[in-house]
1. Can you give the Rg to Rh ratio of segment 203-260, both from alpha-carbon atoms, with Rh computed by the Kirkwood formula?
2. What is the magnitude of the charge dipole of segment 280-347 about its Cα centre, with +1 placed on the Cβ of each Lys and Arg, -1 on the Cβ of each Asp and Glu, and no other charges, expressed in debye to the nearest 20?
3. For segment 257-336, what is the largest minus smallest coordinate of the Cα atoms on each principal axis, given in angstrom and ordered from greatest to least?
4. With a ≥ b ≥ c the root eigenvalues of the C-alpha gyration tensor of the chain, is it rounded (a/c under 1.5), prolate (a/b larger than b/c) or oblate?
5. State, as an integer percentage, the relative contact order of segment 278-327 based on alpha-carbon contacts under 8 Å between residues 6 or more apart.
6. In this model, which of Lys267/Lys301; Lys31/Lys197; Lys257/Lys339 are farther than 24 Å apart at the alpha-carbon?
7. Can you list residues whose amide H is under 5 Å from Asp29's amide H, if they're 5+ apart or on another chain and H is modeled 1.01 Å from N?
8. Tell me the relative contact order for segment 83-235 as a rounded percent, counting alpha carbon contacts under 8 Å between residues six or more apart.
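Every number here is computed from the coordinates shown, using simple stated rules; none is lab data. Keep in mind that what you see is a predicted model, and the values were worked out from it rather than measured. Using ideal geometry, Cβ is built from the backbone for each residue, glycine included, and neighbour counts are taken over all protein chains shown.
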Amino acid sequence: MKNFNIQKRTVFLVVLVFLTVIAFAQKTDMKNIKVSYEQLPLQPLDLSVKTYNSELSMNVTLENTDLNKLSNQYLKLQGYNKVETQEDVLIKANFGEFQINKELITKDVFNVNEGKNVTGYYYEITCEYPVRFSLIDNDGNTIFEQIIQHDEKLMNDDFEKWTYSIAELDTKFNAEKEELFTDIKNKCDKKALLAIKNILANNFSYLPVTKKIKIASGKGKKMDYSDLESAIALMEKAFEMISSESATADVNIELNKAISIWEEVFKESSNDKKARINEVITTMLYYNIGISYWWMSDFAKAREYTDNALKYNLTCSKPSSSNEKLINEAIEDMSDHEKRLKVHGKL
């Protein structure tokens, strides 16, 4: 009985210590701040291009589908005016003939009813669906062309399970092939149209974008994080200024003020879980500063601080996979932003 009571007290103390650590451990408080801007194209068209038209050629099997509506929805060049004639650029999407090919496969299978192995049959299905997407200038020259690739798993499949006779297999296939044909084609249509829309938006359009950028503050029992909240307010002001296309120098003043606060807070950084600026918060302060330099278009420093955030996260007693993912996503986004600015000679 005495040993049992000792064990109970030991468990109680362990739980108490754990709850105390949890209660006093400081953590990040992530804020979403919106910023709106114009995403520049990766493959800008000639500056003389002002207008476009679109031409969609496809055999529609989707119900209640209007080709003109599909063309307006998916073959769109944002930042340019669409006209019916005398366009500077013609967007063409030609959906060729959809075909299903079948190959007879034989296999020895156990027939439960007959209690022995018999020859079974099924069809291995392969589909062909050429979709050609291109941009053509008003002199008839091809500016861009791409064959849209379909999902291989969708286009290649086995038709149901095997049967015990070819006649039975054909009966089943003929009864279901129209539905099979329509289902696969409709899925391919949707995916191909979406792929074309994304190419136009990503490579050729001047696209209005609104992003939600996560910025870290701190949160903890009886802890004052008003300084970090002040930095958040400065970031919000800077992003509002970017969204309203304020002067870059004015935006940078606000971002530098936020950076100064975070740099000062670094002096408190500690691996003590009870510290106001513990290792988790320190990691995300590096990230915050990296984000700030991103929007100042100082990509060398942005990379320096986001790389430091990744390295610091790995040295934490409990590295955060969610923070690592967030930092890597930010690095990917800012690298894309940098690339677009360079293409347009803005760096």
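1. That ratio equals 1.11.
2. Computed charge dipole of segment 280-347: roughly 80 debye.
3. Computed over the Cα atoms, the extents are 37, 28, 14 Å.
4. Verdict is oblate for the chain.
5. Normalised by residue count, the contact order of segment 278-327 is 39 percent.
6. Lys31/Lys197; Lys257/Lys339
7. Residues meeting the criterion, in which the H sits 1.01 Å from N, are Ser217, Gly218, Lys219.
8. Result for segment 83-235 is 18 percent.
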